[in-house]
Amino acid sequence: MDSRIVTIGAGQAGLTASVSLRESGWTGPITLVGEENHSPYQRPPLSKGYLSGAEGDDTLTLKSDAALERADIAVVLGKQAIAIDRHQQHVILEDGTTVPYDFLILATGSSVRELSIPGNDLEGIHYVRTVGDADELRADFELGGDTVFIGGGFLNLEIAVQAQRVGHVTIAEVGSQILGRVVSQETANALADRHREQGMEILTGVEVAEICGEHGRVAGITLKSGENFPTRRVVVSIGSVARTNLAETAGLEVDRGILVDKNLRTSDPRIFAIGDCAKYPNRYAGIDMRVESVQNAADHGRFLATVLTGACKDGYCSVPWFWSTQGDMKLQIAGISMASDESRIVEQTDTGRLVVERYREGRLVAVETVNAPGPHMKARHALAAGMVSA
Amino acid sequence: MPRIVYVHPDQTEQIVDIDDGVSVMRAAIVNGVDGIVGECGGQAMCATCHVFVQTSDIELPEIGEDEEEMLDCTAEARRDNSRLGCQLAGATAFNKIVVHLPESQV
């Protein structure tokens, strides 16, 4: 309880771990290192209220400077960690300073998967990951005009709703449905129908071959089929990649994620990994996997505090849940499903309420809801209870 | 400047002064008031910012549909004065409010 803890990554996971440790009575030094020059902030508003301008920078704050100071958490911002010396037990930052640790927490998150097609270096192509990215897109929206989105996942659909306020929106999704890897066809169709009603153009099963430019700036996209769509800008969200460099060069076990056990410990007993970057045994999915969500990041952070303080009885087992606000639709998912899981619609109304249960071999594995927060909460309780009795 | 008084289960109080528009949930999180989780960022989707309102100097807004559903799913049982902190914003719902925090949120 009095040894030194250093966390690399000041996002939701890293911040929650640091704060939870202090709240759990940890008395030793706690240091939080973030590479962005911004106090720890939450990312969900970046594709919603912050992007639209309805909410300001203060809505991003995860903890005030005063609260962090009161908790005696040393925050080092604007410095990237470039190496871990596991023998000396310290982290080396880009400016050459070293930060000694007894326990190290890696919360390095994930980075965007980049397009590799002709024209991918034109001006007017956006990836939204950081507050700086959101600022740039918001400024670009002020110029008006149409937007093409490459990828039909959560993030792009949320941003697309904002883009519709300044021009026409086209979604180009390579799979056969939007949100292909995360929800059932039934839920995807309900969401797509509603978006189309609001004027969004959603193309599925299409591949973008090229981004065309004029004077160095995006002017349109061309599909493999040859069809061309003029546009002022392109927003890309085609998945993410775990940031594992630091772990990998330090010789930790890595496989498209930093490998950890059920207590989120890496192959070095003094080093842990949490949040987006951690590949851990997920009890609900039954496999080792990475999960990218606020819930996963925050629950990992809280759970790790119990591991380090010795309060932990069993491995990590929080029910995974996700949400996405897209215009007037609030999508929530409890559990983790696979494309092959059976779908049963248990509620669907004209007002846009939807509840879809997913089953694998007769067992409930996930529940998808739209504008139905009550059934979502019940599903989380049911899934958690199912895990206990299993 | 609106003021929030948080009363912990052990009856200790924490007072936070906020800007207009900041919610009971956000103010607690940002200022390090234990006992409010607020995981969904204030969209009435997670029921982890449950509070019991003791007094407010102005009439609270009506409970919305989503809030109504979530209040039935809170970790500590709902009471007559249960609200979600994310739905109570300074200057519109209150200028001064006293809320009691439940034993648990998750």
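The values are calculated or read from the model by the stated rules, or taken from the named source; none is laboratory data. Not measured: the values here are computed from a predicted model. Quick reminder, even Gly has a Cβ in these numbers, built from the backbone with ideal geometry, and neighbours come from all protein chains shown.
A compact table of results
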{"read-out": "Failed item, numbered, when A:Ala13 is tested on (1) small (Gly, Ala, Ser); (2) assigned to a loop (DSSP other than H, G, I, E, B); (3) surrounded by 21 or more Cβ atoms within 10 Å (Cβ to Cβ)", "value": "(2)"}
{"read-out": "Top-ranked residue of segment A:247-270 - restricted to ones that are buried (at least 22 other Cβ atoms within 10 Å of the Cβ) and not in a loop (DSSP other than H, G, I, E, B), ranked as farthest from the chain's Cα centre (by Cα)", "value": "A:Ala247"}
{"read-out": "The lone exception for A:Glu292 - which of (1) farther than 18 Å from A:Arg181 by Cα; (2) touching a residue at least 24 places away in the same chain (Cβ under 8 Å) it fails", "value": "(1)"}
{"read-out": "Candidates A:Glu36, A:Glu94 - the one that is charged (D, E, K, R), within 26 Å of A:Leu157 (Cβ to Cβ) and more than 12 Å from chain B (Cβ to nearest Cβ)", "value": "A:Glu36"}
{"read-out": "Of all residues in segment A:98-120 being of a type in the set (S, T, N, Q) and in contact (Cβ under 8 Å) with a residue 12 or more places away in the chain, the one that is nearest to A:Arg4 (Cα to Cα)", "value": "A:Thr98"}
{"read-out": "Residue match in segment A:26-33 (condition: part of a loop (DSSP other than H, G, I, E, B), within 23 Å of B:Cys40 (Cβ to Cβ) and in the same structural domain as A:Arg70 (by TED's automatic domain parsing))", "value": "no"}
{"read-out": "Hey, A:Gly124 modelled with pLDDT of 95 or more and at positive phi or not", "value": "yes"}
{"read-out": "Exclusive hit being in the same structural domain as A:Ala219 (by TED's automatic domain parsing) and hydroxyl-bearing (Ser, Thr, Tyr), set A:Thr97, A:Thr130", "value": "A:Thr130"}
{"read-out": "Every residue from segment A:47-64 that is within 16 Å of the chain's Cα centre (by Cα) and more than 11 Å from chain B (Cβ to nearest Cβ)", "value": "A:Ser47"}
{"read-out": "B:Met25 crowded, with 21+ Cβ neighbours inside 10 Å and within 8 Å of chain A (Cβ to nearest Cβ)", "value": "no"}
{"read-out": "Hey, B:Leu60 within 13 Å of the chain's Cα centre (by Cα) and away from chain A (no Cβ under 14 Å) or not", "value": "yes"}
{"read-out": "Any chance A:Thr325 is within 28 Å of A:Gln198 (Cα to Cα) and not in a strand (DSSP E or B)", "value": "no"}
{"read-out": "Selected residue (criterion: farthest from A:Ser64 (Cα to Cα)) from residues of segment B:9-36 that are in contact with a His (Cβ under 9 Å, 6 or more places away or on another chain) and β-branched (Val, Ile, Thr)", "value": "B:Ile36"}
{"read-out": "Pick from segment A:299-336, criterion of a type in the set (Lys, Arg) and more than 21 Å from A:Ala107 (Cβ to Cβ), ranking: surrounded by the fewest Cβ atoms within 10 Å (Cβ to Cβ)", "value": "A:Lys313"}
{"read-out": "Residue check for A:Arg232: at pLDDT 95 or above, among the basic types (Lys, Arg) and within 30 Å of A:Met1 (Cβ to Cβ)", "value": "no"}
{"read-out": "Subset of segment A:282-311 that is assigned to a loop (DSSP other than H, G, I, E, B) and farther than 26 Å from A:Arg363 by Cα - its residue that is farthest from the other protein chains (Cβ to nearest Cβ)", "value": "A:Gly310"}
{"read-out": "Residue match in segment B:77-90 (condition: touching a residue at least 40 places away in the same chain (Cβ under 8 Å), within 14 Å of another protein chain (Cβ to nearest Cβ), within 26 Å of A:Lys330 (Cα to Cα) and aliphatic (A, V, I, L, M))", "value": "yes"}
{"read-out": "Any hit, segment A:127-146, residues being closer than 20 Å to A:Ala192 by Cα, touching a Gly at 6+ places or on another chain (Cβ under 7 Å), in contact (Cβ under 8 Å) with a residue 60 or more places away in the chain and assigned to a loop (DSSP other than H, G, I, E, B)", "value": "yes"}
{"read-out": "Conditions (1) more than 12 Å from chain B (Cβ to nearest Cβ); (2) over 17 Å from A:Val183 (Cβ atoms); (3) part of a loop (DSSP other than H, G, I, E, B): number failed by A:Ala339", "value": "(2)"}
{"read-out": "Hey, A:Glu201 acidic (Asp, Glu), under 30 Å from A:Gly78 (Cβ atoms) and surrounded by fewer than 22 Cβ atoms within 10 Å (Cβ to Cβ) or not", "value": "no"}
{"read-out": "A:Val99 vs. criteria crowded, with 17+ Cβ neighbours inside 10 Å and more than 14 Å from chain B (Cβ to nearest Cβ)", "value": "yes"}
{"read-out": "Residues of segment B:4-59 that turn out to be more than 25 Å from A:Tyr41 (Cβ to Cβ), touching a residue at least 40 places away in the same chain (Cβ under 8 Å) and not in a loop (DSSP other than H, G, I, E, B), as a count", "value": "7"}
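Residue-wise test of (1) touching a strand residue (DSSP E or B) at 6+ places or on another chain (Cβ under 8 Å); (2) polar (S, T, N, Q); (3) assigned to a helix (DSSP H, G or I).
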{"position": "A:Leu155", "(1), (2), (3)": "no, no, yes"}
{"position": "A:Ala172", "(1), (2), (3)": "yes, no, no"}
{"position": "A:Gln177", "(1), (2), (3)": "yes, yes, no"}
{"position": "A:Val183", "(1), (2), (3)": "yes, no, no"}
{"position": "A:Ala190", "(1), (2), (3)": "yes, no, yes"}
{"position": "A:Ile202", "(1), (2), (3)": "yes, no, no"}
{"position": "A:Ser225", "(1), (2), (3)": "no, yes, no"}
{"position": "A:Phe229", "(1), (2), (3)": "yes, no, no"}
{"position": "A:Val235", "(1), (2), (3)": "yes, no, no"}
